[in-house]
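K.L.:
Take a look at the following structure, please.
The values are calculated or read from the model by the stated rules, or taken from the named source; none is laboratory data. Everything numeric in this text was worked out from a predicted model, so none of it was measured. Counting neighbours? That spans all protein chains shown, and the Cβs are built from the backbone with ideal geometry, glycine included. With ligands, DNA and RNA removed, areas are computed over all heavy atoms of the protein, side chains included. Shrake-Rupley method; radii C 1.70, N 1.55, O 1.52, S 1.80 Å.
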Amino acid sequence: MATAELKDNKETRNSEAGEFKDQVIYVGRVTKVVKGGKNFSFSALVVVGDGNGKVGFGLGKALEVPSAIKKGIESAKRNMIRVPLTPNGSLPHPVTGIFGSGSVLLKPAPEGTGIIAGAAVRAIMEAAGVHNVMTKSLGSSNPHNVVRATFEGLKGLMDPYTVLTNRGLDQAEV
């Protein structure tokens, strides 16, 4: 009976962990030169999302790659945002996200277009559940800046229903 309980607990943990899809965007090797030689450590930039409008990113640092990825996933789960989506799986309106010297243009696309984006932005859009979008990375090509600029753009998105209520209009009037 104890093994059956352990098996059930393991399946529960896997199903809970299975809620979110994670994707590693970038793994960097950092070298520190010390008196005895060189110390290597790793940093991992990870995106986590549920495929239904929730997405987050995190940076993990450790002496081994798997540990860095694990820390990045934990950080991403703590820093999640909600992305408003249209019924066809696109964005409600065009937006530009800016962070540092990097900027990312995000434009809604018609049904069937797919995700037209670079590697870092593509990973974020897939994790968020966006299926039709056109993007262009302007400025910096550093994955960290591109990811942060994309998230700034996603934070700037407004749900059409929220805009209507802010303007004092009723949805039935429009």
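K.L.:
Output the residues belonging to segment 38-52 that are open to solvent by 30 Å² or more (accessible area, probe 1.4 Å) and either of a type in the set (Ser, Thr, Tyr) or in a strand (DSSP E or B) (or both).
P.N.:
Lys38, Asn39, Phe40, Ser41, Phe42
K.L.:
Residues of segment 96-123 being open to solvent by less than 20 Å² (accessible area, probe 1.4 Å) and part of a strand (DSSP E or B), which ones?
P.N.:
Gly97, Gly102, Val104, Leu106, listed by residue number.
K.L.:
Give Ala62, Ala44, Ala109, Ala68 a once-over and let me know the one that is farther than 21 Å from Phe20 by Cα and at pLDDT 95 or above.
P.N.:
Details: Ala44 fails: farther than 21 Å from Phe20 by Cα; Ala109 fails: at pLDDT 95 or above; Ala68 fails: farther than 21 Å from Phe20 by Cα.
None of the other options fit; the residue is Ala62.
K.L.:
What residue, of Ala172, Ala149, is among the small types (Gly, Ala, Ser) and at pLDDT 95 or above? Walk me through how you get there before you give the answer.
P.N.:
On the way: Ala172 fails: at pLDDT 95 or above.
Result of the check over Ala172, Ala149: Ala149.
K.L.:
Please find, within segment 53-74, the residue that is least open to solvent (accessible area, probe 1.4 Å) out of those that are within 21 Å of Asn145 (Cβ to Cβ) and of a type in the set (Lys, Arg).
P.N.:
Lys71
K.L.:
Only residues that are assigned to a loop (DSSP other than H, G, I, E, B) and at negative phi: list them for segment 53-74, please. Quick ask: steps written out before the conclusion?
P.N.:
Initially, segment 53-74 is screened for residues assigned to a loop (DSSP other than H, G, I, E, B), giving 53, 63-64.
Once the filter is applied, which keeps residues that are assigned to a loop (DSSP other than H, G, I, E, B) and at negative phi, segment 53-74 yields Leu63, Glu64.
K.L.:
Could you go through segment 6-21 and let me know if any residue there is open to solvent by 30 Å² or more (accessible area, probe 1.4 Å), assigned to a strand (DSSP E or B) and modelled with pLDDT of 95 or more. Break it down stepwise before answering.
P.N.:
Start the filter on segment 6-21 by keeping residues that are open to solvent by 30 Å² or more (accessible area, probe 1.4 Å), which leaves 6-21.
Okay, now just the ones that are also assigned to a strand (DSSP E or B), so 21.
Cutting the leftovers down to modelled with pLDDT of 95 or more gives us none.
Within segment 6-21 (the criterion being open to solvent by 30 Å² or more (accessible area, probe 1.4 Å), assigned to a strand (DSSP E or B) and modelled with pLDDT of 95 or more), the answer is no, since none of the residues qualifies.
K.L.:
Give the residue that is nearest to Pro160 (Cα to Cα), with candidates limited to residues of segment 75-95 that are open to solvent by 30 Å² or more (accessible area, probe 1.4 Å) and part of a loop (DSSP other than H, G, I, E, B).
P.N.:
Pro92
K.L.:
Mind checking which residues of segment 132-174 are open to solvent by 90 Å² or more (accessible area, probe 1.4 Å), of a type in the set (S, T, N, Q) and either without any contact (Cβ under 8 Å) to a residue 12 or more places away in the chain or assigned to a helix (DSSP H, G or I) (or both)?
P.N.:
Matches in segment 132-174: Asn166, Gln171.
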